[in-house]
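Novice: So that we are looking at the same thing, I have put the structure below in structure tokens.
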Amino acid sequence: MSNNSVFPGDKIASIEEYEAGHNTFDDGDMVRSATMGEKDMDKETRMINVNHPKLLSIPKVGDVIIGTVAAVMSSMIAVTIDYINGKPTTSKVECICGTRNMRIRNVALVNDVASLKIVAHLNGTIHAVMNEPELGIIFTKCRKCGGKVVTMRDAIKCTDCSWIDERKLSSSFGKSDFIHLRE
Ligand SMILES: [Zn+2]
């Protein structure tokens, strides 16, 4: 680990100084890392990228993963796994999580960060669930404007445009220390 190591959610620089590049996002104030890796701050283009290290692993049944939502379909979401039991992985393995029985308007959006539990390997597909309080979405944005959202009981509300929406939120949502799992 070097001084350039960053974890998802880590603040890297102010958006007035730098723009969010690969594997980063801006929260309206700061450029933050969207993943675990090494930050690369380009002083000329004023762009920050985060590069993944090379690690490979496949989660086992019972493991808790943190990943990035890659696709949202009518009855499931696909999540690219970034952490297994708090340990970073860069193998880009995907798991799927059924959402059919959740009575939630938008369980997750693409690029949300989700915490899931692995329940099965079936036909080469890794299946996960988010039906426990600590499982679910730990980072999301406003579907309308991309703004920052805050929780309102079971719903979320955009601090910019006031759009109210739903997600299957983790009990860790909104806690800046959600990456405590990295230990
Ligand atoms: Zn909004």
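Novice: Rounded to the nearest 20 debye, what is the charge dipole size of segment 59-183 about its Cα centre when +1 sits on each Lys and Arg Cβ and -1 on each Asp and Glu Cβ?
Specialist: The calculated dipole for segment 59-183 is roughly 280 debye.
Novice: How would you rank 154-166, 102-114, highest first, on the average number of other Cβ atoms within 10 Å across their residues?
Specialist: 102-114, 154-166
Novice: Go through 135-148, 39-52 and give me the packing order, highest mean Cβ count within 10 Å leading.
Specialist: Result, highest mean Cβ count within 10 Å first: 135-148, 39-52.
Novice: First compute the accessible area of the chain with a 1.4 Å probe, then give the percent of it belonging to carbon and sulfur atoms.
Specialist: Percent of accessible area from carbon and sulfur atoms in the chain: 49.
Novice: Could I ask something else about it? Would you mind working out the accessible area per residue for segment 45-170, using a 1.4 Å probe, and quoting it in Å²?
Specialist: I get 52 Å² per residue for segment 45-170.
Novice: Report, largest value first, the span of the C-alpha coordinates of segment 1-48 along each principal axis, in whole Å.
Specialist: Answer, in whole Å and largest first: 27, 22, 15 Å.
Novice: Specify the inter-centroid distance of segment 139-172 and segment 1-37, based on alpha-carbon positions, in whole Å.
Specialist: Their Cα centres are 21 Å away from one another.
Novice: Report Rg(Cα)/(2.2 N^0.38 Å) for segment 82-159, keeping two decimals.
Specialist: 1.20
Novice: Once the chain is represented by equal point scatterers at the alpha-carbon sites, with solvent omitted, what log10 I(q)/I(0) does the Debye formula produce at q = 0.12 Å⁻¹?
Specialist: Those come out to -0.55, one per q.
The values are calculated or read from the model by the stated rules, or taken from the named source; none is laboratory data. The model shown is predicted, which means the values in this text are computed figures rather than measured ones. Neighbour counts run over all protein chains shown; Cβ positions are idealised from the backbone, glycine included. We work out accessible area using only protein heavy atoms, side chains counted, and drop any ligands, DNA or RNA first. Shrake-Rupley method; radii C 1.70, N 1.55, O 1.52, S 1.80 Å.
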